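Participant: My questions will all concern the structure given below.
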Amino acid sequence: MGTKVYDVKYETALGYFPTTLVSEASIDARLEHGRMYLETPAGELKASVIGQHEAKSHTLAQSTR
């Protein structure tokens, strides 16, 4: 069984978008009741899971560097 990659949607009313949340970034998170909580230096952010897939082997090689 491979590693899952989750696609999430983060929306903010204040226009705050942490620089740690960039496309294909690897960050710590927890999944709970259809929501994903992203751990950032500024604190925990709530996001919606919009998709998931198995990680490709080249993606895993990049994330270990």
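The values are calculated or read from the model by the stated rules, or taken from the named source; none is laboratory data. Everything numeric here is computed off the predicted structure, so don't read it as measured data. Quick reminder, even Gly has a Cβ in these numbers, built from the backbone with ideal geometry, and neighbours come from all protein chains shown. Areas reflect the complete protein model, heavy atoms only, side chains present, ligands, DNA and RNA absent. Shrake-Rupley method; radii C 1.70, N 1.55, O 1.52, S 1.80 Å.
Participant: Hey, can you tell me all the residues within region 1-18 that are open to solvent by 60 Å² or more (accessible area, probe 1.4 Å), at pLDDT below 75 and either in contact with an Asp or Glu (Cβ under 9 Å, 6 or more places away or on another chain) or aliphatic (A, V, I, L, M) (or both)?
Facilitator: Across region 1-18, the qualifying residue is only Met1.
Participant: Moving to a separate point now. Being basic (Lys, Arg) and modelled with pLDDT under 85, is that true of even one residue in region 49-56?
Facilitator: Yes; the residues of region 49-56 include at least one that is basic (Lys, Arg) and modelled with pLDDT under 85.
Participant: A follow-up question, please. Which of the residues belonging to region 32-41 are open to solvent by 80 Å² or more (accessible area, probe 1.4 Å) and in a loop (DSSP other than H, G, I, E, B)?
Facilitator: His33, Pro41
Participant: Another one. I'd like to verify a number: residues in region 22-31 that are surrounded by 12 or more Cβ atoms within 10 Å (Cβ to Cβ) and modelled with pLDDT of 85 or more, how many?
Facilitator: Of the residues in that region, 2 qualify.
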